[in-house]
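The values are calculated or read from the model by the stated rules, or taken from the named source; none is laboratory data. All values derive from a computational prediction rather than experimental measurement. In this analysis, Cβ positions are derived from the backbone assuming ideal geometry, glycine residues included, and neighbour counts consider all displayed protein chains. Please note that ligands, DNA and RNA were not included when accessible areas were found on the heavy atoms of the full protein model with its side chains. Shrake-Rupley method; radii C 1.70, N 1.55, O 1.52, S 1.80 Å.
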Amino acid sequence: MEQKSEGGDVASRVREVITCAGCSQREFARRIVMDPSKLSRSLSGSRRFTAAELARIADVGGVDAGWLLGASAVTASGPAATPPASPSAAAAPVSVPASGRPLQIVRETVRLIAERGFHAVRVADIAAACGASTAAVHYHFPGRAELLEAAVRWCMDEDTAARAAHLAAGQDPAEELRGLIALQTPRGEQQRRQWRVWLDLWAEAARSTAVGRLHVEYYRQWRSTVADVIRRGVDEGVFRPGTDPEGAALRLTALIDGLASQVLATAPDDADGTSPEAMHAALLAHVEAELLA
């Protein structure tokens with residue numbers, strides 16, 4: 001994808017997408033799995049957006065990549081791209097609080113979901129865990145649905161921030177992929193808690209359009225990140241030539257999900273179950289067998 005229009009024009013359109021998304025620049029960077037400092041430099045004109053970054057911006061922002069690049073009203077292939085819809089055209093996603101009582105409420109909600117599951121968590125339970133009244137919880141989150149969405153988005157943001165920090169380290173593609181695998185291996189309590197929330201998210205996504213939207217959004221971000229690393233590895237000769245980055249990302253994601261569910265179903269002292277170490281070793285073996293040149 002070539003940035004056909006001037007960099008300033010592209011940056012101004014990206015700013016419009018961020019404005020219509022109704023979130024901060026930093027939060028938008030997390031949604032597109034981009035280091036916030038890189039996004040800032042690209043918006044200021046000191047750095048050019050990559051093709052993969054523009055594709056993610058278009059995907060998350062709900063616009064056509066051609067519009068970002070300044071496509072004309074009609075192209076040879078059909079109707080042109082359109083600018084982003086205004087925030088009133090669709091329901092804005094629930095924002096994740098940054099601090100204070102709202103953040104405490106979200107964190108306690110995540111903990112309770114991990115322990116009991118979506119349907120077993122009541123607003124009264126969350127209020128009690130925070131040492132507050134249900135009225136105080138409803139002051140920050142009007143309904144249970146908004147509270148649960150904020151909790152899931154908080155987990156997504158934590159995961160995305162960890163990925164962005166890892167990818168900003170400048171390692172080679174093979175090491176970056178191994179690092180992403182390590183981030184997804186539920187060794188510590190924080191990782192296990194987030195995985196338990198994901199397990200509930202899968203079940204809810206099959207029944208709820210709202211939760212399903214979060215499910216699709218998260219997996220789109222994750223697979224895009226993995227595919228970008230694999231694509232760069234192919235270009236640099238680290239991974240096998242001719243590898244399909246999207247297909248490889250899909251297969252690796254399926255293997256991670258399947259093994260993680262086995263790890264979470266295994267008691268820590270069960271020698272016959274699947275351990276985090278066994279999961280990690282299996283994933284590295286998969287990468288070596290399928291991807292390494």
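What to note about this one:
- Filter result for the condition that a residue is open to solvent by 20 Å² or more (accessible area, probe 1.4 Å), under 23 Å from residue 156 (Cβ atoms), at pLDDT below 80 and out of contact with any Pro (no Cβ under 7 Å at 6 or more places or on another chain), over 64, 35: 35
- Considering residues of the range 7-32 that are under 21 Å from residue 155 (Cα atoms) and polar (S, T, N, Q) only, the residue surrounded by the fewest Cβ atoms within 10 Å (Cβ to Cβ): 24
- Residue ID - nearest to the chain's Cα centre (by Cα), chosen from residues in the range 233-242 that are in contact (Cβ under 8 Å) with a residue 12 or more places away in the chain and open to solvent by less than 80 Å² (accessible area, probe 1.4 Å): 233
- Any hit, the range 211-222, residues being open to solvent by less than 50 Å² (accessible area, probe 1.4 Å), in contact with a helix residue (DSSP H, G or I) (Cβ under 7 Å, 6 or more places away or on another chain), among the small types (Gly, Ala, Ser) and touching a residue at least 24 places away in the same chain (Cβ under 8 Å): no
- Number of residues in the range 243-268 that are over 17 Å from residue 284 (Cα atoms) and in contact (Cβ under 8 Å) with a residue 60 or more places away in the chain: the value is 2.
To keep it simple, each residue is scored yes or no on (1) open to solvent by 30 Å² or more (accessible area, probe 1.4 Å); (2) over 15 Å from residue 180 (Cβ atoms); (3) hydroxyl-bearing (Ser, Thr, Tyr).
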position	(1), (2), (3)
228	yes, no, no
231	yes, no, no
246	yes, yes, no
251	yes, no, no
263	no, yes, no
267	yes, yes, no
277	yes, yes, no
289	yes, yes, no
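- Within the range 39-58, the set of residues being open to solvent by 30 Å² or more (accessible area, probe 1.4 Å), at negative phi and more than 17 Å from the chain's Cα centre (by Cα) comprises 40, 41, 44, 46, 47, 48, 50, 51.
- Failed item, numbered, when residue 173 is tested on (1) surrounded by 20 or more Cβ atoms within 10 Å (Cβ to Cβ); (2) closer than 24 Å to residue 59 by Cα; (3) modelled with pLDDT under 90: (3)
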